[in-house]
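Take a look at the structure below.
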Amino acid sequence: MFKPISLFVGLRYTRARRSNHFISFIALVSIIGLTLGVAVLITVLSVMNGFDRELKNRILGMIPQATVSSTEILPEWRPLVELADKQQHVAGSAPFTQLQGMLTAQGQVSGILVSGIDPKFEKKVSIVQDYMTAGSLDNLKDGEFGIVLGKGMADGLGLRINDKVTLVLPEASPSPAGVVPRFKRFTVVGIFSIGADVDSMIGYIALNDAAKLLRLPDGAQGVRMKLDDIFAAPEVSSKLLNQLPPNYYATNWTETHGNLFSAIQMEKAMVSLLLFLIVLVAAFNIVSSLVMVVTDKKSDIAILRTLGASPATITRIFMVQGVIIGAFGTLAGAALGILLALSISDVLGWINNTFGLHLFDAYFINYLPSYLRWQDVLTVVLLSLLLSFLATIYPARRAAQIQPAEALRYE
């Protein structure tokens, strides 16, 4: 006889055709429910991971991840760059000077945050050069007053390469005609397209041109850093600040954009919880399926008891049956979810392009990103298997409590 007996009988019950077709239908619904629930959960988590990764790579690739600035202009900023490069987790650093103003061209006006940069160093800390649609950061040269704009800003003002645009600063200057704002004429020497809101907010000019606009000596206000671990930004900026005089201060991305990424993580958690309820409902179907099986197999249970099977053996028989149903549905769902997660970007992209549906017009990217994390797959599979196991406990214990004499009385 095959040992253990509970596994042998449980497998026989699982493979056998049931006389009650409704019970078979409920078992099939349980498997399908688990399969779909697990597959949808893995796919949606992968899509949300994709959006999270794109936001981090694009937005945090443009904005300063960590900065250390001085209250005074730094004519000799290279020693600060070298000191920043020596810090742990710092992948690159670059000087910068920031100022706010308005751009005006062809009767249109738009607010902008302008960064004075050194193109050679900026490429170490920013992804903007990789997303240039026209021109280059290298076109920014001191004294030539060129400007690099985002595509959203350029389109809004109707600008192209080599067009002229006026930067108006909020500081006013006295003149014979009264107090007038300060302004400077720039030439558009580059246009970038990240696909996010930064396309309409940020511009770049040469480092010393920014100092001239602020009527300061040539130099930089501070140093911005790119990190190999973005969550180390507060620690890195704090440690660097401790090595500098009191007239320096530090900022990092958690202070400027931390709420955005906290909202994304909260949304991911809420969506995961809602989708997990689908798996929970499917697991409850296993309960109803096994309860019906126990009712249908009362006489078989009674015969096994009279042959010497203990209540524990009967419990294990039906637990084996429920676990097999749960395992089959979970593994099928995991396989389907992995397949969907790996192909959903291409499939939806093809549908979008073929039928002209414009599905991604509301997003900052023109495709549906998907990033499959095997930790998520393992977590979903283990939780689904755990729920399937827990769902077998009540029906199995109910089967073990059946009294042989009562079950066989009317047979």
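The values are calculated or read from the model by the stated rules, or taken from the named source; none is laboratory data. These numbers were taken from a predicted model, which means no experiment stands behind them. Because the Cβ atoms are built from the backbone with ideal geometry, glycine has one as well, and the counts that use them run over all protein chains shown. Ligands, DNA and RNA are excluded from the accessible area calculation, which covers all protein heavy atoms including side chains. Shrake-Rupley method; radii C 1.70, N 1.55, O 1.52, S 1.80 Å.
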Backbone HN-Hα couplings from phi across region 65-70 [Karplus 6.51/-1.76/1.60, Hz, Gly and Pro as x]: 6, 7, 9, 10, 10, 10
Over the chain: Rg over Rh, Cα atoms, Kirkwood Rh: 1.24
Hz values of 3J(HN,Hα) by residue in region 216-232 - Karplus curve (6.51, -1.76, 1.60), Gly and Pro given as x: 10, x, 4, x, 10, 7, x, 10, 9, 10, 9, 10, 7, 9, 5, 7, 8
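Could you sort the peptides 182-191, 35-44 by per-residue average Cβ neighbour count (10 Å cutoff), highest mean leading?
Working: 182-191: 18.7, 35-44: 23.3.
Going by the mean number of other Cβ atoms within 10 Å, highest first, we get 35-44, 182-191.
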Shape call, region 278-335: gyration tensor on alpha carbons, a/c limit 1.5: prolate
Distance between region 44-68 and region 241-281 - C-alpha centres, whole angstrom: 11
For region 120-279, accessible area per residue (1.4 Å probe, heavy atoms of protein chains only), Å²: 50
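Using a 1.4 angstrom probe on heavy atoms only, work out the carbon and sulfur share of the accessible area of the chain in %.
61
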Kyte-Doolittle at least 0.5, axis length at least 27 Å by Cα - qualifying DSSP helices, the chain: 21-62, 258-296, 311-355, 374-400
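Counting other Cβ atoms within 10 Å of each Cβ, which GluC sites (Glu not before Pro) in region 44-121 have at most 10 and sit in a DSSP loop?
Glu76
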Rounded to the nearest 10 Å², the accessible area of Arg305 at probe 1.4 Å: 60
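What shape does region 55-113 take by its C-alpha gyration tensor, where a ≥ b ≥ c are the square roots of the eigenvalues and a/c under 1.5 counts as rounded, a/b above b/c as prolate, and the rest as oblate? Walk me through the numbers on the way to the answer.
Values: a/c = 3.69, a/b = 1.62, b/c = 2.28.
Oblate shape, in that a/c is at least 1.5 and b/c is the bigger or equal ratio.
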222 nm mean residue ellipticity, helices alone, for the chain (DSSP H n ≥ 4; -39,500 (n - 2.57); rounded to 500): -17500 deg cm²/dmol
Sorted peptide list for 285-295, 161-171, criterion being average Cβ within 10 angstrom, highest first: 285-295, 161-171
Karplus (6.51, -1.76, 1.60) ³J(HN,Hα), θ = phi - 60°, over region 132-144, in Hz, Gly and Pro reported as x: 6, 9, 7, x, 7, 4, 5, 6, 7, 10, 4, x, 9
Placed amide H near Leu227: partners under 5 Å, 5+ positions off or other chain: Ala91
P(r) weight above 17 Å for region 244-372, C-alpha pairs, percent: 77
Rounded accessible area of Glu267 (nearest 10 Å², 1.4 Å probe): 110
Cut-off under 5 Å, modelled amide H: who pairs with Phe192 long-range: Thr133, Leu149, Gly150, Lys151
Listed residues Met319, Met201 arranged by accessible area, highest first, probe 1.4 Å: Met201, Met319
Selected from Gly258, Gly33, Gly92 as most flexible by GNM, with the chain as the system and alpha-carbon contacts under 10 Å: Gly258
Pairs from Lys86/Lys120; Lys124/Lys268; Lys141/Lys164; Lys151/Lys268 whose Cα-Cα separation, in the structure shown, is over 27 Å: Lys124/Lys268; Lys151/Lys268
Tyr394 - accessible surface, heavy atoms, 1.4 Å probe, Å² rounded to 10: 130
Region 173-299 shape via C-alpha gyration tensor axes, a/c threshold 1.5: prolate
